[in-house]
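Below: one structure, written as structure tokens.
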Amino acid sequence: MTDGLLSAETAVRVSGTDPGEELLAAARGAASVPVERVGPTGATALDPLVLATDDGRTALYAGATAERAESVAAGLGGGSFPGDPDAAVDHGPGPTRLPAAGTGPLAVGVRRVLGGAGWVVPDSPADHETAGGFGADDADQAALLDAARSVPGRGWGDGATDDPVADLWETVRGAAGDAAVVVNAHGTPADRLLLASVPFVVLEGALAAARVVDASEAVVYCSAADAATAETVTAAAAAYPDPAVPLRVETGPDEYRAAEPTMALEALEGNHRLEARLRPPGPAAVGLDGRPTAVHTPRTLAQVVAALDGAPTRLVTVDGDVAAPATVELRTGATLADAVEAVDPEGTVKAACVGGEFGGLTADLDVPLSVEGLTGADLGTEGVVELLAEGRCSVAFAGERARFAEEENCGRCVPCREGTQQLTALLRELYEGRYRADALHELMGVMSSSSICAFGVDAPRPVRTAMAEFEREFEAHAAGRCPAGACDGLEMEAHT
Amino acid sequence: MSSHDEPTDVPPLTEEMAPGTATDPPVGGEAATVTVDGERVQVPAGSTLLDALEATGADEEVPALCHYGREGIGPRSECRTCMVETDAHGVVPSCSFPAEDGMTVNTAADAAETARSVNLDLVLSDHNLRCTTCGKNGRCELQDAAIDERVEEPRYGVLDDRDAYEPLDNTSEFIQIDRNKCILCNRCVEACNDVQVEGVLRVEGHGADTRIGFQSDAETMEDSTCVSCGHCATVCPTGSLIEKGIEDATTLPMPGFTHKNSVGTSVESSGEQENPMTQMKRREDGDTATDGGTDGSTDGSPFDDEETWPPDDRTDDTGGERP
Ligand code: SF4
């Protein structure tokens, strides 16, 4: 293995989702020290971020332009940091993870699975090894199962959403046939971040899963819209030293529903039209090409690796009415409010939609970010928190989500295909002066109890939680008034 | 004889079927003893809960509308009008849920009854309920279910907005398609692909645009690769696919009122069809005449083409954002 970037005492790192070739070229042209592209940190407010390391210290230059990168690279090595860095951190020799800044979004939470994000070269096995990686490759199956027992599956794209991963692995292992592992990276920002910045952590988890369930291959599934991510993980997979099973990377259509685990399998099998499969049995018994299949998100797999030596954490992306979204890593026990620390909300926060597209609305941010805490509050565990600023209308928000569900469902089952149309229609009635809460609850209950997949089960949640949290806004709309003023300009008919 | 694979213009003998549906896992469990509404019953391996319901007669309680249960067709389990409550797994679809040993099933549980009733009404909400001009009047499985369940006023109304109707496909000499009556049970697609192995029909689209179409990308039955075996019409539970000649068979005699004009628009044959039995006929450019002037499908959604919420065309406020 050749030396990685981590062994360089003096170096320039360029981080960001897409810092641009120009910036990288400018830094490279000016520097006499190594200049490397690293993955994003998750704090998009800082992108593109230039990190200059010298003499046991690292300086951070946020929102860097090509000119700034050039002058930083040219001036590095003179004992002090050129220009005017936004922050500088003393860390001594050879840190293997992003040195923690004292303030700003990078200071929020912990950086365990994200430790290497923005610091290691994503597809460098040398960096991953220097950072203490590949440990799972040597772990025995009992240790892996123990770790998997402490991690609930992360996200709706996971085959074991909110349930212990070890149970699913045992099902796969016990099912007849040649097993497979699918890494479902379709859809969620934190999953993309892991693959773009620390792909070896995820691949390590996938290979660990493959060993436990006795799979013959592991397939990484990305959205076709994430070409750069797919490229990074493809390079990492090719560079993985002696993988226990072959790794390959595939893409599926850029559609929300394509992240549903069985639709992911349909896409991987080459179906031109995606619809969910019946269950039970689920993919753990009959999955990819009929084989027992462990479908996991990158978040899940990274947490299994992390759980080999410590407690698992949670990755949360805060988005919505914010200056710039951020993905942060938080310990068990942290709350929504802790995650919101990582962003700069646009105005006063009125509510948060917690749990992705079909998350739940809450005005209370003092909710623990655990499966029990979130589901107890009827919020989603997807790991995406969308802030709604004062002035946003909860009825309009719920209506938009209902219509999204109406337009994006796969069309297979009646409660979802037809139910989402009626849900939208019932919400529209509010604007004609009718609020039929009982009819809404009846419909939403049936959608959740009888839809085939999580899409239809979860689709009513934004409406259900908006009705619970902002009932007066619903009543006001039926009376011809939008308290937030967002629906002004609409002729609303009051009850007669 | 050449030992090489010579390039050839001859199309492959078998084209892959692309029905557009998911590859479902096999349903059905091991041989089991199940208690249905208090009655214990033994079912052989491979049975679903619906098989157990049938064994006790409790299947009377569930419409199980999309269920066919013969010839290897289904379960599609799309209509969810077969929901029952189980001790072990809560409310589940009996037509596709494996009968597990020791399971207790309650068909009369409130949650299950509500689910069946709401889902049946949801099916009706998207169904052209002009029964009096339908050739299947009196032998329609949806009509039977609605009568059995004593549906008087479906919660969500019925599809009676003629502007939202998709034109009748009247192009084929053998089979007429009225998609406004389709409940998307998928029986026809399975009959066509899995039983007859013709590969003509498929499911296409998503959301409200989900519909039965043709694998050859043809727009009409006439232009499809249909071999007129009629199997799709045989399995159709409603009047959506119906053999020509009987499309008005059970229509109540009302002067001047036919199934065709009850829908309003239809696509008629181009007259250029040479041989209805020709297989692999691909889409031609033949004109299709329409009676009513509509040019294609609508999805029946009240918010077609709307980009914003609230759904109101009296404003162009971008919904949800501050004014
Ligand atoms: S719940 Fe919705 S997305 Fe899932 S199978 Fe049913 S129609 Fe498709």
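Quick note: the coordinates plus some simple rules give every number you see, no bench work behind them. Bear in mind the structure is a predicted one, so any value in this text is a computation, not a measurement. Note that each Cβ is placed from the backbone with ideal geometry, even for glycine, and that neighbours are counted across all protein chains shown.
Model label sites at B:Gln42 and A:Ala88, defined 7 Å from Cα along the beta-carbon direction, differ in position by 8.4 nm. Extension gain, A:Asp214 to A:Ser370, is 53.1 nm, computed as 0.36 nm per intervening residue step minus the present C-alpha separation.
No disulfide-compatible partner, judged by a Cβ distance under 4.7 Å, exists for the following cysteines of chain A: A:Cys222, A:Cys353, A:Cys393, A:Cys410, A:Cys413, A:Cys416, A:Cys453. Tell me whether region B:163-268 comes out rounded, prolate or oblate; compute the Cα gyration tensor, take square roots of the eigenvalues as a ≥ b ≥ c, and use a/c under 1.5 as the rounded threshold. It is prolate, given that a/c is not under 1.5 and a/b is the larger ratio.
About the Cα centre of the protein assembly as shown, what is the dipole size in debye to 20, counting +1 per Lys and Arg Cβ and -1 per Asp and Glu Cβ, all else neutral?
On the way: 58 positive and 142 negative charges, 284 e Å.
Computed about the Cα centre, the dipole is about 1360 debye.
Here the relative contact order of region B:163-268, from alpha carbon pairs under 8 Å that lie six or more residues apart, stands at 37 percent.
Just to verify a number: FRET efficiency for B:Asp148 and B:Asp101, C-beta to C-beta distance, R0 = 25 Å, to 0.05? Once rounded, the FRET efficiency stands at 0.20. Give me the angle, in degrees from 0 to 90, between the Cα long axis of helix A:394-408 and the longest principal axis of the Cα atoms of chain A, rounded to the nearest 10. The angle comes out near 80 degrees. What the Cβ-Cβ distance of A:Ser150 and A:Thr10 gives, at R0 = 25 Å and to the nearest 0.05, is a FRET efficiency of 0.05.
Taking a ≥ b ≥ c as the square roots of the eigenvalues of the Cα gyration tensor of region A:394-494, is the shape rounded (a/c under 1.5), prolate (a/b larger than b/c) or oblate? Prolate. For chain A, the longest principal axis of the alpha carbon atoms and the long axis of helix A:298-307 meet at an angle near 60°. Based on C-alpha pairs under 8 angstrom that are at least 6 apart in sequence, region A:317-377 has a relative contact order of 31 percent. When you work out D = kT/(6 pi eta Rh) for region A:307-414 at 4 °C and 1.567 mPa s, using the Kirkwood radius from C-alpha pairs as Rh and the Stokes-Einstein form, the result is 89 µm²/s. Work through the residues other than B:Leu142 whose Cβ is under 12 Å from its Cβ and net out their charges, Lys, Arg +1 and Asp, Glu -1. My count for the surroundings of B:Leu142 gives -3.
Between B:Ser270 and B:Asp194, the simple spin-label model (points 7 angstrom out along Cα→Cβ) gives 3.3 nm.
Database remark: amide H of A:Thr293 closer than 5 angstrom to the amide H of A:Ala180, A:Ala284, A:Ala285, A:Val286, A:Gly287, A:Leu288 (H placed geometrically; neighbours at sequence offset of 5 or more, or on other chains; Pro and chain starts carry no H). Spin-label pair A:Asp289-A:Asp162: with each label point 7 Å from Cα along the Cα-Cβ axis, the two points sit 3.4 nm from one another.
Which of rounded, prolate, oblate describes the protein assembly as shown, given a ≥ b ≥ c as roots of the alpha-carbon gyration tensor eigenvalues and a/c under 1.5 marking rounded, otherwise prolate only if a/b is larger than b/c? Because a/c hits 1.5 or more and a/b exceeds b/c, the protein assembly as shown counts as prolate. The long axis of helix A:227-239 is offset from the longest Cα principal axis of chain A by roughly 50 degrees.
If you plug the beta carbon distance of B:Asp209 and A:Asp138 into 1/(1 + (r/R0)^6) with R0 = 51 Å, you get a FRET efficiency near 0.50.
From the largest down, region A:135-307 spans 40, 35, 26 angstrom on the principal axes of its Cα atoms. Can you work out D for region A:237-330 in µm² s⁻¹ from Stokes-Einstein, where Rh is the Kirkwood radius over C-alpha pairs, the temperature is 25 °C and the viscosity is 0.890 mPa s? Using the Kirkwood radius from Cα pairs, D works out to 152 µm²/s. Taking every lysine pair in the protein assembly as shown that is 8 or more places apart or spans two chains, those with Cα atoms closer than 14 Å amount to 5. By DSSP, what percent of the beta bridges with both residues in the protein assembly as shown are antiparallel, rounded to the nearest 5? Counting DSSP beta bridges with both partners in the protein assembly as shown, the antiparallel share is about 65 percent.
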